[in-house]
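The values are calculated or read from the model by the stated rules, or taken from the named source; none is laboratory data. Worth saying up front: this structure is predicted, and the values here are computed from it rather than measured. Virtual Cβ from ideal backbone geometry, glycine too; neighbours counted across all protein chains shown. Ligands, DNA and RNA are stripped out before the accessible areas are found, and what is left, the full protein with its side chains, is counted by its heavy atoms. Shrake-Rupley method; radii C 1.70, N 1.55, O 1.52, S 1.80 Å.
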Amino acid sequence: SAVAAQTAVTVETVKAHKRLAREEVARANYSRFMPEYVVKQLLENPDSFRLGGINQTITVLFADIRGFTTLSEHENPEKVVRLLNRYFTAMSEIIFEFGGTLDKYIGDGLMAIFGAPTATPDDPKHALQSAVAMQKRLLILNKELRDDGFPEVQMGIGLHTGEATIGYIGSEKRSEYTAIGDTVNLAARLEANALGGQILISDTTAKLCENLFPMIAHKPLTVKNRLQPVSLFEVEWI
């Protein structure tokens, strides 16, 4: 009986260690893309997230370095990688700080989602606050880059709020948590039209962030697959 009891204790101990190890690996993986409070909730209650494809209102943020192709053609590849790593580290920290989920890095750009997996009424405001903080952080980062012999960079940002399909998308062997739909496409188009230092947002996001920052109305943007031009605003963040 004593041996059986000791064996049972040993087995439970091993199981506990394995469970903790799996949780630690999961925490490390999720923490690369989600803020800490979301990771904690996900580990404590996995069933609280309806993953696998749901329609949800989110705010999508796209950010991209302007003129990066030209920069990379004239710089050492290792130096370019170091620059990108410093840039992504700084911008990702800000996204997490405001409760956003890092969807993916796209070359020299990134996509972030505010309102998934968990949604709040303040998601559009948090997304815009994140965009402003990112532009301000880039001013400091550029000084650091210049002091270390790197070229300065500029960034354009686009934001749009709307309904999108959220979930794990991909194949059986590889999938990623992401958002797809017209909301994502429009946010990407706004970012593509933003000059270095600009933050362009749709009228939908602007209405939800009223009085948060000064805004300048721009000429409506004609977007593919949309019958009506999209009203947009530039955020004054300086």
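Apply 1/(1 + (r/R0)^6) to the Cβ-Cβ distance of His218 and Asp182, taking R0 = 22 Å, and write down the FRET efficiency to the nearest 0.05.
FRET efficiency, His218 to Asp182: 0.65.
Protein chains only, probe 1.4 Å: how do Ser202, Ser171, Ser72 rank by accessible area, largest first?
Accessible-area ranking of Ser202, Ser171, Ser72, largest first: Ser171, Ser72, Ser202.
Within region 117-201, report the trypsin sites (Lys or Arg not before Pro) that DSSP leaves as loop and that have at most 12 other Cβ atoms within 10 Å.
Counting only loop positions with at most 12 other Cβ atoms within 10 Å, the trypsin sites (Lys or Arg not before Pro) in region 117-201 are Lys173, Arg174.
Can you pull the percent of region 139-199's accessible area that's carbon plus sulfur, 1.4 Å probe, other chains left in place?
49 percent
Can you give the accessible area of His126 in Å² (nearest 10), computed on protein heavy atoms with a 1.4 Å probe?
His126 exposes around 60 Å² with every protein chain in place.
Which of the lysines could a cross-linker bridge to Lys207, judged by Cα under 18 Å and excluding same-chain residues fewer than eight apart?
Straight-line reach from Lys207, under 18 Å: Lys125, Lys219.
Taking the Cα centre of region 94-238 as the origin, how large is its charge dipole in debye, to the nearest 20, when only Lys and Arg (+1) and Asp and Glu (-1) carry charge on their Cβ atoms?
300 debye
Using the heavy atoms of the protein chains and a 1.4 angstrom probe, tell me the accessible area per residue for region 58-129 in square angstrom.
Counting only protein heavy atoms, the per-residue value for region 58-129 is 42 Å².
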